[in-house]
Amino acid sequence: MLEGLEVTILNYKSISNNNFGRFDAEFFISDFITKENILKKYNCKKISDFSVVTDGEHGSPDLDVNSGIIYLSGNNIKENYIDLDNIRYCSKKLHVKNLRSAVKRNSVLMSIVGTVGKASVVNVDILANTDRNVATIKEISKDINPGFLSVFLNSKYGQFQTQRFSTGNVQPLLNLLQVKSIVIPFLSAKFQKRINQLILEIDNKREKSHQTYTQAENLLLETLGLKDFKPSQEKVNIKSFKDSFLSSGRLDAEYYQPKYEQVVEKIKESNYERLTNLVNIKKSIEPGSNAYSEEGLPFLRVADYNKLGLSEPQKCLSSTYTEENTEKLNDLKPKTETILFSKDGTVGMAYMLKENQNFITSGAILHLTIKNKEQVLPEYLTLVLNSQLIQMQAERDAGGSIILHWRVGEIENVVIPIIDIKIQQQISNKIEESFKLKKQSEQLLELAKTAVEKAIEESEYVAMRFIEEGLEQL
């Protein structure tokens, strides 16, 4: 009668007090029980036993772009690093009011709303604060290395606890009591130190990757003579009807701000080309929420990638939908060197694929493929598309609406600078080196997480050997 069902039978007395009054089946699935029993073999302590846990501002954020005080949200907290690409800045008043959540070196930050449980140690001094979507674990006792704590939280033994404790379906969340209740095994100081050494090496490679990418960006701007270019902040521009609506079809004043004209004029001072003459543009599909499923063909949306890489898609297409549309979907699976380019939401974000992919992208993402690699290299074009030169054209075209939408016709007419192919190759080499370092940092993180899991499941000796053998292979 119960064939095919997952059933866990527990004695009421054996149920931990750490269940927050929950008796729903999801809380007691067998995988959670198995991992919980493994941790019980160790001298585990709750996070609240060895640290102070707090969250950030609960009210409306008081933002100030000129304050220099970074305002972190849950979206900024990734696996063992803090993403500073799309950051906000809070006012000094908010920062002073919430010094309890001021970010300090050797604290561990955790995302507690949305994608819950991502954690990163803070290894540098940083002027920042957080909103309520971030839990700050601070004043950590000397028995626990912050780097080890961060890796443990990102390992399967930390993740099962955050998944188990989180509540909410559409928007999962953890409250501070639940964060405080996560248990941590007290492994030896020697092992914790070794894991922290890996974290420092991960940070080093990630920083080198960032520096190399910046060098590629600077080489582009220097070649174009735009390294120190600062467009006008003037808001007024006088245009005739012929030079405005009749030529562009736009009457909104924002479109004609001088800074947009200046950027395009600067690009046109050198060799340039319209994007439509450089690439083939393929549109993807928007199957609708009815086609979504927990399992199936991965469905990549704009939120699932950025200029530095892809993340695991949060949605899949159901087997029923994929079977009914097999031929069409196979044709839409992006190939090596396809540039993904967003036209809705976060517009103008480009990423070049390094290999063929078994996923489908949403209709908000265009597929660009180079027509002539002797004229423009795909890595170079990707960098240009992500540069301020193109972002300002996107801002001009797609501005003025709550949800940004960049029309394909406008994207086709984006002005792209074309520089000497030898310099393009230099830029491409730097980009490749940047992504190589980034991949190495990701491999080191997987090595550290797996080592922590092996230390728990087997022994610290086995985990130490695993680390050294893994480093030899990288």
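The values are calculated or read from the model by the stated rules, or taken from the named source; none is laboratory data. Here the structure is a predicted model, which is why all the values come from computation and not from measurement. Quick reminder, even Gly has a Cβ in these numbers, built from the backbone with ideal geometry, and neighbours come from all protein chains shown.
Within the range 349-366, does at least one residue satisfy the condition of being basic (Lys, Arg) and modelled with pLDDT under 95?
Within the range 349-366, one or more residues are basic (Lys, Arg) and modelled with pLDDT under 95.
In the range 359-376, which residues are closer than 14 Å to ILE419 by Cα and buried (at least 20 other Cβ atoms within 10 Å of the Cβ)?
Matches in the range 359-376: VAL376 only.
Any residue at all in the range 320-330 that's among the aromatic types (Phe, Trp, Tyr) and either touching a Phe, Trp or Tyr at 6+ places or on another chain (Cβ under 6 Å) or at pLDDT below 90 (or both)? First the steps, then the outcome.
Residues of the range 320-330 among the aromatic types (Phe, Trp, Tyr): 321.
Retained after the next criterion (residues that are either touching a Phe, Trp or Tyr at 6+ places or on another chain (Cβ under 6 Å) or at pLDDT below 90 (or both)): none.
Looking for residues that are among the aromatic types (Phe, Trp, Tyr) and either touching a Phe, Trp or Tyr at 6+ places or on another chain (Cβ under 6 Å) or at pLDDT below 90 (or both), one finds none in the range 320-330, hence no.
Which residue, of VAL113, VAL103, VAL122, is surrounded by 17 or more Cβ atoms within 10 Å (Cβ to Cβ), at negative phi and in contact with a helix residue (DSSP H, G or I) (Cβ under 7 Å, 6 or more places away or on another chain)?
Sole residue among the options that is surrounded by 17 or more Cβ atoms within 10 Å (Cβ to Cβ), at negative phi and in contact with a helix residue (DSSP H, G or I) (Cβ under 7 Å, 6 or more places away or on another chain): VAL113.
Please go through the range 440-452 and pick out each residue that is of a type outside the set (S, T, N, Q) and either over 20 Å from TYR81 (Cβ atoms) or free of Cβ contacts under 8 Å to residues at least 40 places away in the same chain (or both).
Step one: filter the range 440-452 for residues of a type outside the set (S, T, N, Q), giving 442, 444-449, 451-452.
Hits for the range 440-452 are GLU442, GLU446.
Quick check on the range 327-343. Is at least one of its residues crowded, with 21+ Cβ neighbours inside 10 Å, among the small types (Gly, Ala, Ser) and assigned by TED's automatic domain parsing to the domain that holds THR276?
yes
So, in the range 270-296, exactly how many residues are among the aliphatic types (A, V, I, L, M) and closer than 14 Å to GLN375 by Cα?
3
Is it the case, given these coordinates, that PHE191 is within 30 Å of LYS439 (Cβ to Cβ), of a type in the set (A, V, I, L, M, F, W, C) and modelled with pLDDT of 90 or more? Can you show your working first?
Details: within 30 Å of LYS439 (Cβ to Cβ): yes; of a type in the set (A, V, I, L, M, F, W, C): yes; modelled with pLDDT of 90 or more: yes.
Yes: the conditions hold for PHE191.
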